[in-house]
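What follows is one structure encoded as structure tokens, with my remarks underneath.
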Amino acid sequence: MASHGLDYDGCNFFRQRLVLSTLSGKRVRIKNIRSKDDNPGLRDFEASFIRLLDKVTNGSRIEINQTGTVLFYQPGLLFGGSVEHDCNTQRSIGYYLEALLMLAPFMKTSLKATLKGVTNDHIDPTVDVLKSTALPLMKQFGIDGEGFDLKVVKRGMAPGGGGEVVFTCPTRRTMRPVQLTDPGKIKRIRGVAYSVRVSPQMANRIVDTARSVLNKFIPDIYIYTDHMKGANSGKSPGFGLTLVAETLNGSFLSAEMSSTPQGQGDPMLPEDLGMNCAKLLLEEVYRGGCVDSSNQSLALLLMTLGQQDVSKVLLGPLSPYTIEFLRHIRDFFQIMFKIEVQKPSEDERKGGDKVLMTCVGVGYSNINKTLK
Amino acid sequence: TMKSGSEEEEEGEEELGALKWKEGLQQKASEAFLRQQAAIPNLRKLVYGSVVAANNSEDEEEEELGGLFTVSRPQKSKRFQADAMDCCRFSPDSSHNWDLDEMLNSIRDCFVTGKWEEGTDAA
């Protein structure tokens, strides 16, 4: 493992830097974190994220200066095992889980993480959408088996939280290279309309308007209504919808929307939420590709860490977050992707331009994994 | 050179009238090439090439007012981008209006209910 470190500025892309540092074993120093802000330094949710990283690794060295504007991180070994973490409620569990999804397959012992906090908010991908898009994507790379699951035990809406999820993931020695170049046509749409601490009727009102938009395309739509009660309903009221379009070749495209957190801005009607979320799904279909736009970086990471063979994945347009992730992959793993734009032909009605990403994996092997 | 050019043209018209399509072939080719270049933005350059440019613009532009105050425009500086929110969400294209039939039609064939390519079958 290389010993020299990398330097970055600012708090943006915080998680991808620390995750790639952990996987590559390269030290990282992040300077000028909100240094010009009225309230400089790391926020509570970032500190919470660092603590989570410390829990799943062994021997990590973390140094933060007095004002919190400089962070030094020397990664230890990915250990895994049973971990419990109170995720700071400034960000939802999805924020923390996105990083765990990237790290979990490369642990020494399989991970069982119990995460408590906000399960659904309007900023990060919710646990529901990660469950229905990120997990099937990881299965394509050979991460599967009985112990691979994400379970929503309690739902907790922003800002109060009080939700709980359990994520279990087996370890893998190597990643399987993939050829995901044709998503195939969308055969069905599934979804979950959830509500907590409001009338269960809210979920039904969401479903009606969402269906009215999507029915113009396909009849096979089923949106479950999920109304959690009592101790499983968290601390704040709210409702929301996640929609997932499943293709013939096993790709999943998703969209989601959550109600405005209590006491933050104008409340949203469930009818409007259902309608807008359905339109977001159409936007995601227009972008297309074999991977959902919020999972682009996860797919690219697993391609990078694959065996020394060619991997190809067709994506929709690259998100700004993904573009930065590609630059970070180059910094940490010296891998550059071949990027080809694919324009749809004139008579095809399949949305916008697609991007074909090709790379040869670094042949990463999980040396932490215990042999049985 | 004017003379020789016109002479060549004359020759062309007199003897090789049938080969007139050859005129300006190179120019046409280069125009077509440039058109193509403009149409397909070089994504690889966008992703991997712009880092140097970003580093160059690091020196923060600060205007001085009356030699006393400096004008700080945090929204525009690189600093602002560096400290922006760490979130993977990709906001939708605001130019797409999903109430229009035109937009709805642009994705019809993404669904099994749409048109199938030749050689493939819904079964």
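Just name the residue that is nearest to A:D182 (Cα to Cα) out of those in the range A:100-149 that are of a type in the set (A, V, I, L, M) and assigned to a strand (DSSP E or B). Walk me through it before giving the result.
Restricting attention to the range A:100-149, the residues satisfying the condition of being of a type in the set (A, V, I, L, M) are A:100-104, A:107, A:111, A:113, A:115, A:118, A:123, A:127, A:129-130, A:134-135, A:137-138, A:143.
From what is left, the residues that are assigned to a strand (DSSP E or B) are A:111, A:113, A:115.
On the way: A:L111: 32, A:A113: 34, A:L115: 35 Å.
Checking each candidate, the answer is A:L111.
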Could you tell me how many of the residues in the range A:43-59 are out of contact with any strand residue (DSSP E or B) (no Cβ under 7 Å at 6 or more places or on another chain) and either in contact (Cβ under 8 Å) with a residue 40 or more places away in the chain or not in a helix (DSSP H, G or I) (or both)? 7
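Within the group A:F148, A:F106, A:F72, which residue is aromatic (F, W, Y) and farther than 28 Å from A:D9 by Cα?
Values: A:F106 fails: farther than 28 Å from A:D9 by Cα; A:F72 fails: farther than 28 Å from A:D9 by Cα.
Going through A:F148, A:F106, A:F72 in turn, just one is aromatic (F, W, Y) and farther than 28 Å from A:D9 by Cα: A:F148.
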With the structure loaded, tell me whether A:N249 is among the polar types (S, T, N, Q), out of contact with any Lys or Arg (no Cβ under 7 Å at 6 or more places or on another chain), buried (at least 24 other Cβ atoms within 10 Å of the Cβ) and within 13 Å of another protein chain (Cβ to nearest Cβ) or whether it fails that test. no
Of a type in the set (V, I, T), surrounded by 17 or more Cβ atoms within 10 Å (Cβ to Cβ), touching a helix residue (DSSP H, G or I) at 6+ places or on another chain (Cβ under 7 Å) and under 16 Å from A:E98 (Cβ atoms): is that true of A:V19 in this structure? yes
Do the conditions hold for A:V310, that is, is it more than 21 Å from the chain's Cα centre (by Cα) and more than 9 Å from chain B (Cβ to nearest Cβ)? yes
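Each row is one residue, and each column tells you yes or no for (1) in a strand (DSSP E or B); (2) closer than 24 Å to A:F106 by Cα; (3) within 9 Å of another protein chain (Cβ to nearest Cβ); (4) in contact with a Gly (Cβ under 6 Å, 6 or more places away or on another chain).
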{"site": "A:L282", "(1), (2), (3), (4)": "no, no, yes, no"}
{"site": "A:L314", "(1), (2), (3), (4)": "yes, no, no, yes"}
{"site": "A:I335", "(1), (2), (3), (4)": "no, yes, no, no"}
{"site": "A:G352", "(1), (2), (3), (4)": "no, no, yes, no"}
Can you pull out every residue in the range A:7-30 that is more than 20 Å from the chain's Cα centre (by Cα), in contact (Cβ under 8 Å) with a residue 40 or more places away in the chain and closer than 19 Å to B:D86 by Cα? A:V28, A:R29, A:I30
Checked the range A:188-231 for anything surrounded by fewer than 16 Cβ atoms within 10 Å (Cβ to Cβ), touching a strand residue (DSSP E or B) at 6+ places or on another chain (Cβ under 8 Å) and polar (S, T, N, Q); matches are A:N215
Criterion first (surrounded by fewer than 22 Cβ atoms within 10 Å (Cβ to Cβ) and under 17 Å from A:S297 (Cβ atoms)) does A:I64 satisfy it? no
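Restricting to the range A:77-99, count the residues that are of a type in the set (A, V, I, L, M) and either in a loop (DSSP other than H, G, I, E, B) or surrounded by 22 or more Cβ atoms within 10 Å (Cβ to Cβ) (or both). Show your work before the answer.
Here is the first cut: in the range A:77-99, the residues of a type in the set (A, V, I, L, M) are A:77-78, A:83, A:93, A:97, A:99.
Okay, now just the ones that are also either in a loop (DSSP other than H, G, I, E, B) or surrounded by 22 or more Cβ atoms within 10 Å (Cβ to Cβ) (or both), so A:78, A:93, A:97.
Number of matching residues: 3.
Determine whether A:T370 is free of Cβ contacts under 8 Å to residues at least 40 places away in the same chain, outside any strand (DSSP E or B) and of a type in the set (S, T, N, Q). Lay out the reasoning, then the answer.
Details: free of Cβ contacts under 8 Å to residues at least 40 places away in the same chain: no; outside any strand (DSSP E or B): yes; of a type in the set (S, T, N, Q): yes.
It is false that A:T370 is free of Cβ contacts under 8 Å to residues at least 40 places away in the same chain, outside any strand (DSSP E or B) and of a type in the set (S, T, N, Q).
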Of the listed residues (A:R205, A:R190, A:R172), the one being outside any loop (DSSP other than H, G, I, E, B) and within 20 Å of the chain's Cα centre (by Cα) is A:R190
Testing A:F72 on (1) farther than 28 Å from A:D121 by Cα; (2) buried (at least 18 other Cβ atoms within 10 Å of the Cβ); (3) more than 14 Å from chain B (Cβ to nearest Cβ), one condition comes back false. Which one is that? (2)
Out of the residues in the range A:22-44 that are crowded, with 17+ Cβ neighbours inside 10 Å and over 29 Å from A:N295 (Cβ atoms), state the one that is nearest to the other protein chains (Cβ to nearest Cβ). A:S35
Got at least one residue in the range A:150-160 being among the β-branched types (V, I, T), crowded, with 22+ Cβ neighbours inside 10 Å and out of contact with any Phe, Trp or Tyr (no Cβ under 8 Å at 6 or more places or on another chain)? yes
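Read-outs: derived from the displayed coordinates by stated rules, not from any lab. Values in this document were obtained by computation on a predicted structure and should not be read as measured data. Cβ atoms come from the backbone with ideal geometry, glycine included; neighbour counts cover every protein chain shown.
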